[in-house]
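Everything below concerns the one structure shown next.
The values are calculated or read from the model by the stated rules, or taken from the named source; none is laboratory data. Small disclaimer: the values here were computed from a predicted structure and weren't measured. Please note: Cβ atoms are built from the backbone with ideal geometry, for glycine as well, and neighbour counts cover all protein chains shown. The protein model used for the area step is the full one, side chains on, heavy atoms only, and it has no ligands, DNA or RNA in it. Shrake-Rupley method; radii C 1.70, N 1.55, O 1.52, S 1.80 Å.
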Amino acid sequence: MRIKIYKTIFIILLIGAIITIMLIITQYKQNLINEEQNKEVIDTFSKIDEEDSKQLTLNGYNVIGTIEIPKINIKYPILEVENPSPESTKTPMKYSIIKYWGGKVNEYGNLSIAGHNKYDGTMFGKTKNLNIGEIIKLEDLEKNVIDYEIYDKFVTNPNDTSILLTKDIKIREVTLITCTRGNKERLIIKAKQKI
């Protein structure tokens, strides 16, 4: 009787392990596809002129600029999402970094950009390694590249909307948002235009 129970438990655990491995492999393959698509969009964005860049899309979402963070070796297109909400951002965030709040890239005020905290280090998975004084580069549709210097880094709860507000509309500011602690908190990186 005990041997049957042990065999049953072993079979259930084995099936669970196989399913888990298959899910991990599927997610890894999707990440590779997304990274390749992002690289193609970045390459295209850098080669086309200002007018054509306004027509560039990734999986049906308009590309409104690019973000580059040299310290952690990432460069992604920024996707525009109509009426961003936790529900409407799920799909585009599977593909790339998104504009969550604010005006156009490199406009005055606060532009809030959200990205997944991927365990493989893609998207915003390495932003925890950023420090005060490091640089974030944003390129807009007019091909202007502006350097932003990080001045604050903190963790907050997912419902904290104060991070989206602009304290001074006469400066250019960017706020990076990603989840941490299993989506229980948000890691926030604030940066201002480097002068």
> Are any residues in the stretch 121-156 closer than 14 Å to residue 178 by Cβ and either more than 18 Å from the chain's Cα centre (by Cα) or in a loop (DSSP other than H, G, I, E, B) (or both), and if so, which ones?
Replying inline: 121, 122, 124, 125, 126, 130
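Do we find a residue being in contact with a Cys (Cβ under 8 Å, 6 or more places away or on another chain), closer than 17 Å to residue 78 by Cα, assigned to a strand (DSSP E or B) and in contact (Cβ under 8 Å) with a residue 60 or more places away in the chain anywhere in the stretch 98-120? Walk me through it before giving the result.
Applying the first criterion (in contact with a Cys (Cβ under 8 Å, 6 or more places away or on another chain)) to the stretch 98-120 yields 116-117.
Narrowing the set further to residues that are closer than 17 Å to residue 78 by Cα leaves 116-117.
Imposing the further condition that a residue be assigned to a strand (DSSP E or B) reduces the set to 117.
Among the residues that remain, those that are also in contact (Cβ under 8 Å) with a residue 60 or more places away in the chain are: 117.
Scanning the stretch 98-120 turns up at least one residue that is in contact with a Cys (Cβ under 8 Å, 6 or more places away or on another chain), closer than 17 Å to residue 78 by Cα, assigned to a strand (DSSP E or B) and in contact (Cβ under 8 Å) with a residue 60 or more places away in the chain.
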> Name the residues in the stretch 80-130 that are surrounded by fewer than 19 Cβ atoms within 10 Å (Cβ to Cβ) and among the basic types (Lys, Arg), would you?
Replying inline: 90, 94, 104, 118, 126, 128
>> Just checking, does the stretch 18-35 include any residue being open to solvent by less than 60 Å² (accessible area, probe 1.4 Å), over 17 Å from residue 120 (Cβ atoms) and touching a Phe, Trp or Tyr at 6+ places or on another chain (Cβ under 8 Å)?
In response: no
>> Looking only at the stretch 42-62, filter to residues that are outside any helix (DSSP H, G or I) and among the β-branched types (Val, Ile, Thr); which one of those is least open to solvent (accessible area, probe 1.4 Å)?
In response: 48
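Hey, does the stretch 71-88 have a residue that's over 30 Å from residue 132 (Cβ atoms) and among the hydrophobic types (A, V, I, L, M, F, W, C)? Steps first, please.
Step one: list which residues in the stretch 71-88 are over 30 Å from residue 132 (Cβ atoms), which gives 82-83, 85, 87-88.
Filter once more, so that each one left must be among the hydrophobic types (A, V, I, L, M, F, W, C): none.
No: zero hits.
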> Here is a list of conditions, (1) free of Cβ contacts under 8 Å to residues at least 60 places away in the same chain; (2) among the basic types (Lys, Arg); (3) within 23 Å of residue 140 (Cα to Cα), and residue 7 meets all of them except one; can you say which number that is?
Replying inline: (3)
>> I'd like the full set of residues that are touching a strand residue (DSSP E or B) at 6+ places or on another chain (Cβ under 7 Å) and hydroxyl-bearing (Ser, Thr, Tyr), limited to the stretch 51-90.
In response: 57, 61, 66, 76, 89
> Tell me, which residue of the stretch 173-185 that is open to solvent by 50 Å² or more (accessible area, probe 1.4 Å) and either out of contact with any strand residue (DSSP E or B) (no Cβ under 7 Å at 6 or more places or on another chain) or within 17 Å of residue 101 (Cα to Cα) (or both) is modelled with the highest pLDDT?
Replying inline: 184
> Counting only residues that are closer than 14 Å to residue 193 by Cβ and surrounded by 12 or more Cβ atoms within 10 Å (Cβ to Cβ), how many does the stretch 135-168 have?
Replying inline: 15
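Out of curiosity, is residue 73 open to solvent by 90 Å² or more (accessible area, probe 1.4 Å), at pLDDT 90 or above and of a type in the set (S, T, N, Q)? Working first, answer last.
On the way: open to solvent by 90 Å² or more (accessible area, probe 1.4 Å): yes; at pLDDT 90 or above: yes; of a type in the set (S, T, N, Q): yes.
So residue 73 passes the test.
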> Considering 152, 160, 120, 147, which residue is within 17 Å of residue 67 (Cα to Cα) and of a type outside the set (Ser, Thr, Tyr)?
Replying inline: 147
